[in-house]
Amino acid sequence: MFQQSTFDFLEETVVLPKKAGLRLARAGTFTDNMSLPIHRWFRYSAGFSAEWVKRTILEQNLEPDDYVFDPFTGSGTTLLAAQSVGVNSAGTEYHPFICRIAKAKLSWNIPTERLFSDAEELLEKAKSILKAAPASESELIIKCYNPVALARLEALRDAYLDTYGATKNSNELLWLAITAILRECSGAGTAQWQYILPNKTKARVIDPFTAFMARIKLFCEDIQNTKRQRSIADTRLEFCDARDLNSLSSIKGRVKLVLTSPPYPNNYDYADATRLEMTFWGEIKGWGDLQKSVRHRLIRSCSQHSAAEKLVLGDLLADPAVRAIRHELTAVCTDLQDIRETKGGKKTYHTMVAAYFVDLAKTWQALLPLCTNDAAVCFVIGDSAPYGIHVPAERWLGELAVDAGFSSWTFEKIRDRNIKWKNRKHRVPLKEGYLWVKR
Ligand SMILES: C[S@@+](CC[C@H](N)C(=O)[O-])C[C@H]1O[C@@H](n2cnc3c(N)ncnc32)[C@H](O)[C@@H]1O
């Protein structure tokens with residue numbers, strides 16, 4: 001089954017300011033990272049700009065003992081950017097597959113000769129076990145590849161698993177190289193963000209064996225260039241929930257800057273974003289496994305999540321964490337609950353929105369003790385309008401931060417987003433920008 005329901009919110013046109021504002025407008029996106037060493041090893045469309053992170057860190061005049069922290073690390077942009085300017089950093093990420101990708105990227109500092117010879121050995125092994133026909137029974141995987149390409153990808157995967165087993169940190173860069181070529185070797189189209197559209201086709205498809213070695217060469221080139229430039233700083237990434245940061249006691253009171261982009265309340269399904277990769281590696285059988293293997297850990301920002309948890313609106317609204325916005329949140333969620341009854345899809349946006357703000361309120365509470373007394377926090381955030389009802393995310397998050405003990409907030413818009421609703425009934429102008437919060 002291929003789920004496209006998540007597109008309801010995402011069929012949007014980004015309105016970029018002309019020329020001068022273009023770079024600023026892209027600060028919230030991953031586009032520019034595709035030309036940056038290491039950042040470009042895996043295309044994570046949910047990511048933000050490393051150059052912007054770097055600039056922002058440098059503007060803060062951090063002391064040698066200070067830390068930059070990213071509670072929603074994703075593919076590791078903040079941590080890699082902090083490392084590149086010699087600043088200590090820490091992060092958490094609770095999507096197991098994305099966390100493994102970020103950890104693999106952060107393990108870049110290895111001898112390239114060894115990586116290259118390991119890759120060549122793996123390729124030889126893959127060639128020796130190559131089967132005439134692919135073995136996959138997954139409908140998504142079969143639709144995404146021609147049989148020759150798929151048999152080769154499976155040979156690379158099986159050679160990897162035979163050699164290194166399922167144990168993590170065995171040879172993570174080889175694992176990352178195989179993972180990172182899965183989309184360029186697929187003949188299926190990709191949608192906005194990173195969903196796969198098996199019914200659409202792409203013009204340019206690369207042979208898996210060629211793509212694998214090309215990816216390894218890219219890794220080696222980047223590692224060599226980076227080794228020449230990079231100074232040493234402490235960098236740590238924990239597989240951990242941003243709503244509960246107690247395990248990070250070693251950086252308590254040492255975070256001078258939080259730079260992050262949390263999920264938005266816009267129905268984007270981070271679990272589904274890696275469905276192709278996780279299915280290929282055998283971590284899930286298909287869409288139905290995503291809730292128990294990934295989604296249940298994450299901030300509740302999509303209706304699949306709130307529906308699966310069978311949330312009760314009254315319980316969410318009664319949560320003390322959202323008391324600062326309870327009045328407005330109740331009005332919006334009640335409207336969403338009413339509108340839902342008039343819609344065929346009966347999406348659970350009402351509980352999604354309420355749960356989202358409960359989760360982010362808990363994140364603010366968890367962040368506070370990590371921060372120094374003069375810390376600054378920047379969330380790259382966008383608002384949303386499920387069923388055409390505006391959810392003022394930046395303002396509510398600012399108010400929740402102050403309620404959690406931070407002192408003040410401001411919002412700086414970086415771009416407008418015009419939503420083209422699937423049903424064309426609602427057009428609510430949306431925006432994306434920086435929510436700055438002071439400790
Ligand atoms: C907008 S993305 C961040 C992307 C990142 N800035 C980058 O450049 O790669 C938000 C991330 O938050 C993660 N996330 C969601 N819920 C989380 C939670 N409870 N704890 C930690 N991370 C979570 C998602 O898996 C996703 O990778």
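The values are calculated or read from the model by the stated rules, or taken from the named source; none is laboratory data. Since we're looking at a predicted model, the values are computed, not measured. Note: ideal-geometry Cβ built from the backbone for every residue, glycine included; neighbour counts use all protein chains shown. Heads up: the accessible areas ignore ligands, DNA and RNA and are worked out on the full protein's heavy atoms, side chains in. Shrake-Rupley method; radii C 1.70, N 1.55, O 1.52, S 1.80 Å.
Worth a mention:
- Computed over the chain with a Gaussian network model linking Cα atoms closer than 10 Å, the most mobile of 134, 386, 64 is 64.
- Global form of the stretch 64-124, assessed from the alpha-carbon gyration tensor, a/c cut-off 1.5: oblate
- The calculated 222 nm mean residue ellipticity attributable to helices in the chain amounts to -12000 deg cm²/dmol, summing -39500 (n - 2.57) over DSSP H runs of n ≥ 4 and dividing by all residues.
- Using 0.36 nm per residue and subtracting the Cα-Cα separation, the extra length available between residue 197 and residue 416 on full extension is 76.2 nm.
- The chain - percent relative contact order, Cα under 8 Å, separation 6 or more: 19 percent
- Of the solvent-accessible surface of the chain, computed with a 1.4 Å probe and all protein chains present, 51% belongs to carbon and sulfur.
- Size descriptors for the chain: radius of gyration and Dmax over Cα atoms are 21.8, 65 Å.
- Amide H partners (placed H, <5 Å) of residue 261, local residues excluded: 72, 380
- For the stretch 296-382: rounded, prolate or oblate by the Cα gyration tensor [a/c cutoff 1.5]: prolate
- Across the chain, the longest piece that holds none of the GluC sites (Glu not before Pro) lying in DSSP loops with up to 11 other C-beta atoms within 10 Å covers 138-340.
- Using a probe of 1.4 angstrom and keeping all protein chains present, the accessible surface of the stretch 112-228 works out to 48 square angstrom per residue.
- The shape of the stretch 208-280 comes out oblate: with a ≥ b ≥ c from the C-alpha gyration tensor, a/c is at least 1.5 while a/b does not beat b/c.
- Calculated log₁₀ intensity ratio I(q)/I(0) where the Debye formula runs over C-alpha points of the stretch 112-228, q = 0.12, 0.16, 0.18, 0.22 Å⁻¹: -0.45, -0.78, -0.95, -1.26
- Amide H contacts under 5 Å for residue 36: none, restricted to partners 5 or more places along the chain or on a different chain, H placed in the peptide plane at 1.01 Å from N.
- Label-to-label distance for residue 131 and residue 217 is 3.1 nm, based on points extended 7 Å past Cα in the beta-carbon direction.
- Diagonalising the gyration tensor over the Cα atoms of the stretch 174-307 and scaling each eigenvalue by 5 before taking the square root yields semi-axes of 29, 26, 13 Å, largest first.
- The stretch 112-228, relative contact order [Cα under 8 Å, separation at least 6], %: 29 percent
- The phi torsions of the stretch 408-416, fed into the Karplus equation with coefficients 6.51, -1.76 and 1.60 and a -60° offset, translate into couplings of 7, 9, 9, 10, 10, 6, 10, 7, 8 Hz, rounded to whole numbers, with Gly and Pro shown as x.
- Fraction of antiparallel bridges per DSSP, the chain only, in percent to nearest 5: 60 percent
- With 19 Å as the limit on Cα-Cα distance, the pairs of 54/105; 105/125; 105/217; 200/343; 103/362; 310/347 that go past it are 105/125; 200/343; 103/362.
- For the stretch 46-52, 3J(HN,Hα) per residue [Karplus equation, 6.51 cos²θ - 1.76 cosθ + 1.60, θ = phi - 60°, Hz, x = Gly/Pro]: 6, x, 10, 6, 5, 5, 5
- Of the trypsin sites (Lys or Arg not before Pro) found in the stretch 292-383, those that fall in a DSSP loop while having at most 14 other beta-carbon atoms within 10 Å are 310, 343, 346.
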